[in-house]
Amino acid sequence: MKIVKRFLAIISLLLIVFAAGCSTSKSSTTKNSSSATSTAKARSLDAIKKSGTIKIGVFSDKKPFGYVDDKGKYQGYDVYFANRLAKDLGVKVKYVSVDPASRVEYLTSAKVDIILANFTVTDERAKQVDFALPYMKVALGVVSPSNQLISDVDALEGKTLIVGKGTTAETYFEKHYPKVNLLKFDQYSEAYQALLDGRGDALSTDNTEVLAWALENKGYEVGIISLGDTDTIAPAVQKGNTELLDWINDEIKSLGDENFFHEDYDKTLAPVYGDAANADDLVVESGKVD
């Protein structure tokens, strides 16, 4: 009887060890598989030239920076810049629509070569992607209905603020104003519709964006024009894609010699802002922030 019990104990132990081994193997396989799908090698500058096409991630619903017009064509401040990059590189451009939260992932997975989607430079993001020289400067702004205008950030406590997922607005309010209730959306079009529907008391994103939106939507005002630090907007490439990064930086410096970004502003932003904004307050030439 003792022999039988000892035999059964050994069998049980072997089964436990075998199960643990399978679990570890499965976990390792899953981990490796996940890693393989999340990271892909970026294309070199030469590979992009040989293909004849550069893939650039832009917004499709953030007017006047990146949006699709009534004819299905990409337009906006970022797009105007992207078109020039492709032209000077001697290739065609393929636009890939991104939302705020997917910008990093689209670079790490090599779905795009460059992100030009109002991408604010932050220390956290710089750990995941490589930023080129800036071409714009911004701060956060808050837009709300004119008849219930939010002009003081403390007035947002206990209220619902609409933000985009993966944005600097989301990060800023979570860190500095935890008592503000955040209603988050993937797409800017969804976020603004929520404000129009009254699902939130206000909306926050870059001040350049809320100003443009308020000018085109009567009954809404930017009560808080500048919140937090002044940040910069820059192109981004996959981490370690130094060759493409250096080319973009050289291009930005060269474009500064012809005041390209002021031209870009005049073509895409001035018709929207009118006298409500000044190009010198927003535009960065040659990557040099005043």
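Values quoted throughout were computed directly from the atomic coordinates according to the rules given, and no laboratory measurement underlies them. Bear in mind the structure is a predicted one, so any value in this text is a computation, not a measurement. All Cβ positions, glycine included, derive from the backbone under ideal geometry; neighbour counts span all protein chains shown.
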Using only Cα atoms, tell me the angle between helix 77-89 and the longest principal axis of the chain; keep it within 0 to 90° and round to the nearest 10.
80
How large is the dipole of the stretch 41-195 about the Cα centre if only Lys and Arg carry +1 and Asp and Glu carry -1, each at its Cβ, rounded to the nearest 20 debye?
780
Of the beta bridges DSSP finds with both residues in the stretch 138-231, what % are antiparallel, to the nearest 5?
60
In order over the stretch 168-183: 3J(HN,Hα) from phi, Karplus 6.51/-1.76/1.60, θ = phi - 60°, whole Hz, x for each Gly or Pro, gives 5, 5, 4, 4, 4, 6, 5, 7, 9, 9, x, 8, 8, 7, 9, 10
Please compute the Kirkwood hydrodynamic radius over the stretch 138-231, one decimal place, Å, based on all pairs of different Cα atoms.
12.7
Using a 10 Å cut-off around each Cβ, can you sort ASP246, ASP113 from fewest to most neighbouring Cβ atoms?
ASP246, ASP113
Per the rule of 0.36 nm per residue minus the C-alpha distance, extending THR171 to ILE225 adds in nm 17.6 nm
Sequence gap at least 6, Cα distance under 8 Å: using those rules, report the relative contact order of the chain to the nearest whole percent.
23
Backbone HN-Hα couplings from phi across the stretch 105-120 [Karplus 6.51/-1.76/1.60, Hz, Gly and Pro as x]:
4, 5, 7, 5, 8, 6, 6, 9, 8, 9, 9, 10, 9, 6, 8, 6
If you work out Rg/Rh (Cα atoms, Kirkwood Rh) from the coordinates, which of [x] 0.94; [y] 1.15; [z] 0.96 do you get?
[y]
Can you tell which of LEU116, LEU244, LEU196 shows the greatest fluctuation in a Gaussian network model of the chain with Cα springs below 10 Å?
LEU196
Within straight-line cross-link reach of LYS159, lysines at Cα separation under 19 Å, skipping those fewer than 8 residues along the same chain
LYS175, LYS179, LYS184
